[in-house]
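The values are calculated or read from the model by the stated rules, or taken from the named source; none is laboratory data. Computed from a prediction, not measured in an experiment: that's the story for all the values here. All Cβ positions, even for glycine, are placed from backbone atoms using ideal geometry, and neighbour counts span all protein chains on display. These accessible areas exclude ligands, DNA and RNA; they are computed on the full protein's heavy atoms, side chains included. Shrake-Rupley method; radii C 1.70, N 1.55, O 1.52, S 1.80 Å.
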Amino acid sequence: MPVNATKETAAPSPIHAVVADDFAAVNRTIMSQLGSRIPLVETIGQHIIQSGGKRLRPLLVLLAARSLGYEGERHITLATLIEFMHTSTLLHDDVVDESHMRRGKATANDAWGNAPSVLVGDFLYSRSFQMMVQVGSMRIMEVLSSATCVIAEGEVQQLTNVGNPDIDEAAYFETIQGKTAMLFEAASHSGAILAEATPEQEAALQYYGRYLGLAFQLIDDLLDYQGDAEAMGKNVGDDLAEGKPTLPLIEAMARGTPEQAALIRRAIKSGGLDQLDEVLEIVNVTGALDYTRARAEEMADRALAELETLPPSPYRDSMADLARLAVERKS
């Protein structure tokens, strides 16, 4: 069953404007690379690829490479494989988390079952490594293969943290650095390598991606207690239901009364939403949500500072806009 290679799966937004043609080429390449002799691979792959999202990680590849004057075509392949790596982690995450909804649609595991979702995730990972060979850079292969190990470790670390109210802020940041920020970092870093950046520029784009990824995850964790379910495509309190000790809860326990801290500890240990209303009140009155937002803004400011190393360009401006979007978004 051939994939419609002309169908574009993510509409560009203003932050994509300066690389609109590149972004369209990435969308076409994504669809063509989903091709498989097994129809279910294409069906599940298209389901999650087409389920929405801003395609921020491939966008980072395009912006990073173009910001340093790259004029070839390999950044399209690189951006596509980064998206496949991300998509494979989503498929696996939804199985681990037993999720039923992502971006307002049924998850693949909910629609087809756990085994097909895991195996199609494996296919996308494998296809990403095929494309990595096509890019033809040992440095990029080193960065991305190392990143996959860090991401897997971050996911396992998050799993072991579930139900543990004794996780502190340092351990929380270590976890989100692995499970989320690492792929942002790998995207901008590999784009810099492809463009043959100077050591200073390469380091700047590497750390820009890291801080941007941290800011995004911090806001994700904030929105779990403050967001709008329809806008987010998931329910408020999902992290609490899964017993995840994210920063709003960690900080609320540190700032709250012994009684408030004890209630949150029980909620983390038990999971579920029986005490959601009480927890929402505590994270608000203790200032834990304000603190989480302040940490996200700090990470975004660090990302912006890294961009000063790059020459002025519309691509650098878009990366700056992306850092601001990280903390201003509502979903």
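Quick notes on this structure:
- Test: residue in the stretch 240-251 that is more than 26 Å from the chain's Cα centre (by Cα), among the aliphatic types (A, V, I, L, M) and at pLDDT 95 or above: no
- Qualifying position, being out of contact with any Ser or Thr (no Cβ under 9 Å at 6 or more places or on another chain), closer than 30 Å to Phe23 by Cα, open to solvent by 30 Å² or more (accessible area, probe 1.4 Å) and not aromatic (Phe, Trp, Tyr), among Ala326, Ala296, Ala305: Ala305
- Filter result (within 14 Å of Gly209 (Cβ to Cβ) and not in a helix (DSSP H, G or I)) within the stretch 306-317: Leu310
- Output for the stretch 258-283, where each listed residue is out of contact with any Pro (no Cβ under 9 Å at 6 or more places or on another chain) and open to solvent by 90 Å² or more (accessible area, probe 1.4 Å): Pro258, Glu259, Asp274, Asp277, Glu281
- Pairs, first farther than 23 Å from Gly272 by Cβ in the stretch 162-176, second not in a helix (DSSP H, G or I), C-beta under 6 Å, six or more apart: none
- The lone exception for Gly136 - which of (1) farther than 20 Å from Glu155 by Cβ; (2) in contact with an Asp or Glu (Cβ under 9 Å, 6 or more places away or on another chain) it fails: (2)
- Qualifying residue in the stretch 168-175 (condition: open to solvent by 50 Å² or more (accessible area, probe 1.4 Å), among the charged types (D, E, K, R), in a loop (DSSP other than H, G, I, E, B) and at positive phi): no
- Filter result for Ile140 (of a type in the set (Val, Ile, Thr), modelled with pLDDT of 95 or more and more than 23 Å from Gly191 (Cα to Cα)): no
- Checking Ser128, Ser117 one by one, the residue that is small (Gly, Ala, Ser) and within 27 Å of Arg210 (Cα to Cα) is Ser128 and no other.
- Residues (modelled with pLDDT under 95, open to solvent by less than 10 Å² (accessible area, probe 1.4 Å) and among the small types (Gly, Ala, Ser)) located in the stretch 195-239: Gly233, Gly237
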